[in-house]
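The values are calculated or read from the model by the stated rules, or taken from the named source; none is laboratory data. Predicted model, so just to flag it, every value in this text is computed and none were measured. Neighbour counts run over all protein chains shown; Cβ positions are idealised from the backbone, glycine included.
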Amino acid sequence: MSAQNSSYRQASDGLYSEENLNKLVGLYNKAKSAGDQLAVASATNAIHTYLEGEALAAESFELQEVAAATGGSK
Amino acid sequence: MKVGAASAAPSSLLRAGDRSVATGDSPPHDLLRNELIGQTVARAAALSPFYRRLYEQAGIDPAAIRHVRDLEPLPTVEKEQLRLAGREAQCWEPDTRVSHVQHTTGTTGNVFFTYRSVAETQFIRDFFSRANAARAVDDGTPTPIMLQIQVPYHGTAMPIPAKVFVLPFAVNEEQLVDYAIMLLRKEFDLPGVDSRASILSGDQTQIRAFTDYVLQRGFEPRTEFTIRLINLQGRHLTSRWRTILEETWGAHVTDRFSVSEVLGGAASCPFCAGYHFDPYVVPEVVDARGEVVHGEGTGSLVLTALFPFVQLQPMIRYRSGDLFAVREDACYAPRFEFQGRALHALYDAGDSRELLLTGVDVVDVLDALPDVNRMVESNDLTHARYNQATGGPRAHGVRRRTGGHEELTLSVELTFNAPLYAQHVAGLERRIREALLHRSSRLAARVAAGTTRLRIEFVAPGSLSALERGTPLWSDAPETA
């Protein structure tokens, strides 16, 4: 591994920290919250609020894995 | 053009362009993207010789990319470039191990394989466990049961944790279809889980086939089953099929746009009837001059997958080959409208910025007509007598230019021999022509001015190939004086 690669890797290790993961989740949920608010405000079928393809609502326990996201274009 | 529910949203929430709700300089949909874009580009340049050379040749310092708007000077890349570059376009580290192999369908003959590492799969699992848990409403509602079609058109799907109880099903043989119907009728008694299935999810082709099948067998899904949501992936959802699915199942229909090469896509929006892209992928629309469309416009879709969601195979400013219209202030996030494959679009012969007809224009018009012959995709189910519920229309267009005039001929294959039903066919010709002109004011103006003639030609069964993703819809005949 080159020195450039090595220094990059050290810098990226922090990405997997608990703190950083929670930060990324927070940013993701801020992006999703506008759509969630719309769905709730318009009384759309509640299930849709949390179901946009692979982005599904969950409790912190009882998570199942949903095979998704490989898609296939239109 | 997609159709969907009219907006029922409070106008105060429809402020995508309002940066007052954003943190710093980023609207909410760009927060995660701006957080990760710098690392995404820097890592690709550090670990992938292909991307490093690409940016060196363009004179771009990867460290200068800190915001999604900084992406614009970076060269776009196409599938064939990445395929030829092979491992040089990937980011291998000494301990990289592959967990998932995914691929395109290869309709053009060149399958593109995408490899996902153990590290990125683990990250996706950890991320969505937390993200979906954080978004849950703790209202005591039981976990919904979802029937999911799992067909490996694109390799091994990524596992994403969610609050849903998954039951797999398939429709490629009679016994499996009966199994699916049995699951739809089954009343479960499981702690914390709904008693009956309420979600159908998976590949659109298979769900169309399943819907056609239950209707042919005389079921009444709306009253016999309890499906409330249908979640579709793959191919363009026409307005006719959206209506069929909604009315047959009595369910809300959502569909997703995505490409197998890129993790992350777009979900259809019930408020604006367009698509909104996932926060972990960066969408751009690039016009015929190669410039990013800001505000409103139509062009080619360019996607950037973000690290650490994607690690082994970076996709930075990747041209998907799809055409989209974008309007940034149309909903709570920029609204994207699928316009079909770029290969299926018809542009002005002398000006590639002048879009005359999109692939979606042609497909949507022909999809509404039972006279149009379609590709047969499955023929082995005993109880399914009709076998054209899923296939695409058989059609091809030719442009002929003579002097200052042009003639567009759209050949459409029918399920019967046209001369035997001359009166019916005359009405059909009018209907197709008027519908196409209604969808394109630019083409309609040219036809009205007499500079362009639009002809609809009908051909007998077996004359044309089905419209494929990888082949053009229109071709140019040699120009005559």
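In the range B:218-252, the residue that is farthest from the chain's Cα centre (by Cα) out of those that are hydroxyl-bearing (S, T, Y) and in a helix (DSSP H, G or I) is B:T223. Only a single item in (1) more than 24 Å from B:S475 (Cα to Cα); (2) free of Cβ contacts under 8 Å to residues at least 60 places away in the same chain is not met by B:C331, and it is number (2). Here B:S117 meets each of (1) facing chain A (nearest Cβ under 10 Å); (2) at pLDDT 80 or above with one exception, condition (1). The set of residues in the range B:184-209 that are under 30 Å from B:S99 (Cα atoms) and either within 10 Å of another protein chain (Cβ to nearest Cβ) or in contact with a Gly (Cβ under 6 Å, 6 or more places away or on another chain) (or both) comprises B:I199, B:S201, B:G202, B:D203, B:Q204, B:T205. Scanning the range B:70-104 for residues that are assigned to a helix (DSSP H, G or I) and over 24 Å from the mean Cα position of the chain (by Cα) turns up B:D70, B:L84, B:A85, B:G86, B:R87, B:E88, B:A89. Residues in the range B:309-337 that are of a type in the set (D, E), in a strand (DSSP E or B) and farther than 19 Å from B:L263 by Cα: B:E337 alone. Scanning the range B:391-435 for residues that are touching a residue at least 60 places away in the same chain (Cβ under 8 Å), over 27 Å from B:E479 (Cα atoms) and not hydrophobic (A, V, I, L, M, F, W, C) yields B:G391, B:G392, B:P393, B:R431. For B:T107, the criteria (1) modelled with pLDDT of 85 or more; (2) within 12 Å of chain A (Cβ to nearest Cβ) hold in every case but one, which is (1). When the range B:353-383 is filtered for residues that are surrounded by 14 or more Cβ atoms within 10 Å (Cβ to Cβ), touching an Asp or Glu at 6+ places or on another chain (Cβ under 7 Å) and in a loop (DSSP other than H, G, I, E, B), the ones remaining, listed by number, are B:N373, B:L381.
Of all residues in the range B:456-481, those satisfying the criterion of being surrounded by 14 or more Cβ atoms within 10 Å (Cβ to Cβ) and closer than 8 Å to B:E413 by Cα are B:F458, B:V459, B:A460, B:S463, B:L464.
Could you name every one of the strands (runs of 3 or more DSSP E) located completely within the range B:394-481 that has at least 2 residues being under 18 Å from B:L343 (Cβ atoms)?
By residue number, B:395-402, B:405-413, B:474-476.
Residues that are under 28 Å from B:V302 (Cα atoms), of a type in the set (S, T, Y) and in contact (Cβ under 8 Å) with a residue 24 or more places away in the chain occur in the range B:354-371; there is at least one. Residue pairs whose Cβ atoms lie under 7 Å apart, separated by 6 or more positions or on different chains, with the first residue in the range B:160-183 and among the polar types (S, T, N, Q) and the second part of a strand (DSSP E or B), do not occur. In this structure, is B:G290 surrounded by 23 or more Cβ atoms within 10 Å (Cβ to Cβ) and either on the phi > 0 side of the Ramachandran plot or part of a strand (DSSP E or B) (or both)? The answer is no for B:G290. Can you tell me which residue in the range B:223-247 is modelled with the lowest pLDDT, limited to those that are among the hydrophobic types (A, V, I, L, M, F, W, C) and farther than 22 Å from B:L183 by Cβ? Applying the filter and picking the extreme gives B:L237. Just one of the listed residues (B:I181, B:I145) is more than 10 Å from every other protein chain (Cβ to nearest Cβ), surrounded by 16 or more Cβ atoms within 10 Å (Cβ to Cβ), part of a helix (DSSP H, G or I) and over 24 Å from the mean Cα position of the chain (by Cα), namely B:I181.
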